[in-house]
Amino acid sequence: MSGPSPETKMQFLYALRSKGVTDARVLSAMEEIDRGPFIRGLFAERAYEDMPLPINCGQTISQPSVVGLMTQALQISPRDKVLEVGTGSGYQAAILSKLARRVYTIDRHRRLVHEAREIFEALDLTNVTAVTGDGSFGLPEQAPFDRIIVTAAAEDPPGPLLAQLKIGGIMVVPVGQSDAVQTLIRVRKSEDGLEYDELRPVRFVPLLEGLSREN
Ligand code: SAH
């Protein structure tokens with residue numbers, strides 16, 4: 001893996017900053033994790049553009065600036081245990097692994113989970129675990145979580161995920177119909193209940209029920 005040229009890397013980071021990714025820890029995690037290995041095949045050469053790109057199983061790797069903004073919105077501390085729903089390529093989870101103590105990521109496509117694990121191993125990211133399953137039910141055996149990030153769009157924030165969030169926890173989730181523009185929502189959980197704020201319009205593939213039968 002040769003990685004991007006210094007110019008390409010600088011442009012990549014510049015695009016992140018110009019779209020509002022300003023958190024120094026998030027930027028340095030994104031500088032450290034090369035997006036290249038997460039994109040296989042035809043689109044690999046476009047890895048450093050600020051664009052979502054197709055990956056296997058008809059899914060997409062998110063746009064880097066959206067990854068940055070969602071990660072920033074989570075306000076992760078180094079002690080946190082984080083759950084990601086929607087492993088996809090594994091790119092988002094790899095970035096989380098640089099910021100959190102422990103990361104669990106779950107996807108309904110077994111193949112994507114296997115491919116992501118291979119990359120985590122190659123990069124020696126030992127604090128990420130990828131699991132095959134329906135992430136709408138969260139990961140009860142590892143709950144509760146300090147932070148939860150959902151990278152597929154739900155019509156409403158799934159109840160089991162809200163239940164698996166610690167008091168003081170934060171969840172970010174794109175909410176809305178799958179064929180329309182969705183809104184990125186941040187949920188904070190306190191003793192008094194849940195507080196929601198709307199962050200920005202986004203576009204994600206839908207959160208689907210059950211395991212994929214393709215694999
Ligand atoms: N975070 C990814 C991009 C996610 S694309 C990255 O960094 O590349 C959305 C992913 O959500 C897809 O891989 C899709 O298979 C997964 N997904 C959709 N519904 C799901 C569900 N109920 N449980 C787990 N994963 C789901």
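Values in this text are rule-based calculations from the coordinates and carry no lab data. Predicted model only: the values in this text are computed from it and were never measured. Note that we place each Cβ from the backbone using ideal geometry, even for glycine, and neighbour counts take in every protein chain shown.
Values as computed for the structure displayed
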{"quantity": "Selection status of SER178, surrounded by fewer than 19 Cβ atoms within 10 Å (Cβ to Cβ), among the hydroxyl-bearing types (Ser, Thr, Tyr) and within 28 Å of GLY36 (Cα to Cα)", "calculated": "yes"}
{"quantity": "Condition met for ASP50 (assigned to a loop (DSSP other than H, G, I, E, B), of a type outside the set (Lys, Arg) and either touching an Asp or Glu at 6+ places or on another chain (Cβ under 9 Å) or farther than 26 Å from ARG200 by Cβ (or both))", "calculated": "no"}
{"quantity": "Flag for PHE12 being surrounded by 15 or more Cβ atoms within 10 Å (Cβ to Cβ) and within 18 Å of GLY90 (Cα to Cα)", "calculated": "no"}
{"quantity": "Residues (surrounded by fewer than 21 Cβ atoms within 10 Å (Cβ to Cβ), within 12 Å of the ligand (Cβ to nearest atom) and within 18 Å of ARG188 (Cβ to Cβ)) located in the stretch 69-122", "calculated": "none"}
{"quantity": "Residue in the stretch 29-47 that is among the basic types (Lys, Arg), out of contact with any strand residue (DSSP E or B) (no Cβ under 9 Å at 6 or more places or on another chain) and within 16 Å of the ligand (Cβ to nearest atom) present", "calculated": "yes"}
{"quantity": "Residue within the stretch 188-203 that is within 14 Å of VAL85 (Cβ to Cβ), away from the ligand (no atom under 13 Å from the Cβ) and not in a strand (DSSP E or B) present", "calculated": "no"}
{"quantity": "Conditions (1) under 18 Å from ARG40 (Cβ atoms); (2) within 12 Å of the ligand (Cβ to nearest atom): number failed by MET51", "calculated": "(2)"}
